[in-house]
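Read the structure below first, then the notes.
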Amino acid sequence: MRKMFAAAVAALAAAVLMALPASAETAAFTVVSSWSSGYQGQVTVTNTTSSTITTWRVELAFPAGTTVAQSWNATQSGTVFTPASWNGTLAPGASASFGFIANGTGRPTSCLINGVSCDGSTTPPTTPPTTPPAGSTPVAANGQLRVCGVHLCNAAGKAIQLRGMSTHGLQWFADCYNDASLDALATDWRADLLRVSMYVQEQGYETNPSGFTARVNSLVDEASERGLYAIIDFHTLTPGDPNYNLANAKTFFANVSARNAAKQNVIYEITNEPNGVSWAGIKSYAEQVIPVIRANDPDAVIIVGTRGWSSLGVSDGSTSSEITANPVNATNIMYAFHFYAASHLDNYRAEVQRAAASLPLFVTEFGTVTYTGGGTVDLASTTTWLDLLDRLQISYANWTYSDADESSAAFRPGTCGGPTYAGTSVLTESGVFMRNRIRTPDNF
Ligand code: IDC
């Protein structure tokens, strides 16, 4: 049902362009504002028929943990809304809105008006549009991002959450990133974000700097064409000390920041997962690489990896306090946190919750599986994690948008290179879950 409603909402954004059945009324749901424990929702009922209607009935469903605390401009019974005394009669083309306060952050998982889907259709749309409606892409809606307090804010200063997918290593899965797969990410998954993971070692950047730089730039362009944000991930992993790659990082970021400076949708992630290195070592690296980017692109958000495989230090027996006590000397930056849901449980969640009060965090990578990238798909832990990130408005990218033969991959092996990426038939268990989660309405 969540999937169906997400489809209905997107259809509504383009409702004026769509031919609706002659007998339909429609209802559009929007989030007016949100906060950590709830949000204000609004539903607009439109009489799309050619005759006056005298009443209407909207039935919403919410995920467990979210309830409607109060409403106005409607008569509420549980999650069923009928007109107030003054707004039941609607002439052809007329609309009436009602509002409500939700306790809990779960968005409606289904919406029925007079017993049929709120977009006026009796069955959910099955074919996604090939291009997003003009003006409604994540970048069109939010523009140049910046860090405000501990949040990521859009150009209007509103705290937002971006949700999207990470590529696998570009050196191995180049055929997963093509027009069809990126269309699916933008319009079928309704993602906000593509993280472009450029490994430095393991047959990555160091073997062909100009080739990998060009590949990253072309994927940034593909993201831009679709109105997606792009994270340029300098995917250091082994060796874990980013200073090993300092010279490469300076060259790479000088090039990509000069080339992409005018774009509003680029976010720089200067080191993926520092490991075997102190926070002081990471901070020193960051304070040498950030100025290289700033010289070209002064207003972009930059993300710094953290100690212990971007665990805020927890996987090294430390905590985020070492960062809070000694932050990177730069502005408009965020700190990376990564988790693998089957491996990283409550103690990691507690640390994220604690750190989020004082540090701007971005989950640039997480898996639904174990830290190996394979093994059990732990959807219960993933749900707990993502509910926490939603509540804290922490942005995230899932590892991986690829057909790698490992359970973290969203596509079944053999999908890439083929023609089909949209829908669920090509997806793994993890992919189906992530697509459903990412397709739900954004908080902007
Ligand atoms: C894994 C890939 C796997 C590859 C391995 C080594 O899933 O196919 O063989 O890297 O390159 C991370 C890293 C990310 C890992 C991932 C899963 O950022 O590169 O990808 N992981 O192990 N941190 C924690 C887990």
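Taking the criterion of being open to solvent by less than 10 Å² (accessible area, probe 1.4 Å) and more than 16 Å from the ligand (Cβ to nearest atom), the residues of the stretch 165-186 that qualify are Ser181, Leu182, Ala184, Leu185. With the requirement that a residue be farther than 11 Å from His168 by Cα and within 13 Å of the ligand (Cβ to nearest atom), what does the stretch 187-204 give you? The answer is Val200, Gln201, Glu202, Gln203, Gly204. The residues of the stretch 138-154 that are over 16 Å from the mean Cα position of the chain (by Cα) and either surrounded by 20 or more Cβ atoms within 10 Å (Cβ to Cβ) or free of Cβ contacts under 8 Å to residues at least 60 places away in the same chain (or both) amount to a single one, Cys148. The set of residues in the stretch 101-116 being surrounded by fewer than 23 Cβ atoms within 10 Å (Cβ to Cβ) and not β-branched (Val, Ile, Thr) consists of Asn103, Gly104, Gly106, Ser110, Leu112, Asn114, Gly115. Note on the stretch 380-400: residues that are open to solvent by 10 Å² or more (accessible area, probe 1.4 Å), outside any strand (DSSP E or B) and within 12 Å of the ligand (Cβ to nearest atom) total 0.
Each residue in the stretch 189-203 was checked for being at positive phi and outside any loop (DSSP other than H, G, I, E, B), and 0 pass. Any residue at all in the stretch 388-398 that is more than 20 Å from the chain's Cα centre (by Cα) and either among the aliphatic types (A, V, I, L, M) or under 16 Å from Leu185 (Cβ atoms) (or both)? No: zero hits.
Contact map, the stretch 233-262: first residue at positive phi, second residue within 16 Å of the ligand (Cβ to nearest atom) and of a type outside the set (D, E, K, R), Cβ cut-off under 7 Å, separation 6 or more or different chains; the map is empty. If I filter the stretch 79-92 for residues that are open to solvent by 50 Å² or more (accessible area, probe 1.4 Å) and assigned to a strand (DSSP E or B), do I get at least one hit? Within the stretch 79-92 (the criterion being open to solvent by 50 Å² or more (accessible area, probe 1.4 Å) and assigned to a strand (DSSP E or B)), the answer is no, since none of the residues qualifies.
Residues in the stretch 241-251 that are away from the ligand (no atom under 16 Å from the Cβ) and of a type in the set (S, T, N, Q): Asn243, Asn248, Thr251.
Screening Asp403 on (1) more than 16 Å from the ligand (Cβ to nearest atom); (2) outside any helix (DSSP H, G or I); (3) in contact (Cβ under 8 Å) with a residue 40 or more places away in the chain; (4) more than 26 Å from Val147 (Cβ to Cβ) shows it passes everything except condition (1). Candidates Leu170, Leu194, Leu182, Leu152: the one that is touching a helix residue (DSSP H, G or I) at 6+ places or on another chain (Cβ under 7 Å), within 22 Å of Asn332 (Cα to Cα) and of a type in the set (A, V, I, L, M, F, W, C) is Leu194. For beta carbons closer than 6 Å, sequence separation of 6+ or different chains, a first residue in the stretch 359-384 that is without any contact (Cβ under 8 Å) to a residue 60 or more places away in the chain and a second that is acidic (Asp, Glu) and away from the ligand (no atom under 14 Å from the Cβ), the qualifying pairs are Val377/Glu429. Within the stretch 269-296, the set of residues being open to solvent by less than 30 Å² (accessible area, probe 1.4 Å) and either assigned to a helix (DSSP H, G or I) or aliphatic (A, V, I, L, M) (or both) comprises Ile270, Val277, Trp279, Gly281, Ile282, Tyr285, Ala286, Val289, Ile290, Ile293.
Counting only residues that are modelled with pLDDT of 90 or more and of a type in the set (Gly, Ala, Ser), the stretch 66-84 holds 4 of them.
The number of residues in the stretch 406-444 being within 16 Å of the ligand (Cβ to nearest atom) and among the basic types (Lys, Arg) comes to 1. Considered as a group, the residues in the stretch 206-240 that are over 25 Å from Ser395 (Cα atoms) and open to solvent by 40 Å² or more (accessible area, probe 1.4 Å) include one that is nearest to the ligand (Cβ to nearest atom), and that residue is Thr238.
Just wondering, is there one or more residues in the stretch 130-152 that are more than 28 Å from Gln393 (Cα to Cα), assigned to a loop (DSSP other than H, G, I, E, B) and at pLDDT below 95? Scanning the stretch 130-152 turns up at least one residue that is more than 28 Å from Gln393 (Cα to Cα), assigned to a loop (DSSP other than H, G, I, E, B) and at pLDDT below 95. Do we have any residue at all in the stretch 331-346 that's under 22 Å from Arg107 (Cα atoms) and not hydroxyl-bearing (Ser, Thr, Tyr)? Within the stretch 331-346, none of the residues are under 22 Å from Arg107 (Cα atoms) and not hydroxyl-bearing (Ser, Thr, Tyr).
The values are calculated or read from the model by the stated rules, or taken from the named source; none is laboratory data. Quantities reported herein were computed from a predicted structural model and do not represent experimental measurements. Neighbour counts run over all protein chains shown; Cβ positions are idealised from the backbone, glycine included. Keep in mind that these areas ignore ligands, DNA and RNA; they rest on the heavy atoms of the full protein, side chains included. Shrake-Rupley method; radii C 1.70, N 1.55, O 1.52, S 1.80 Å.
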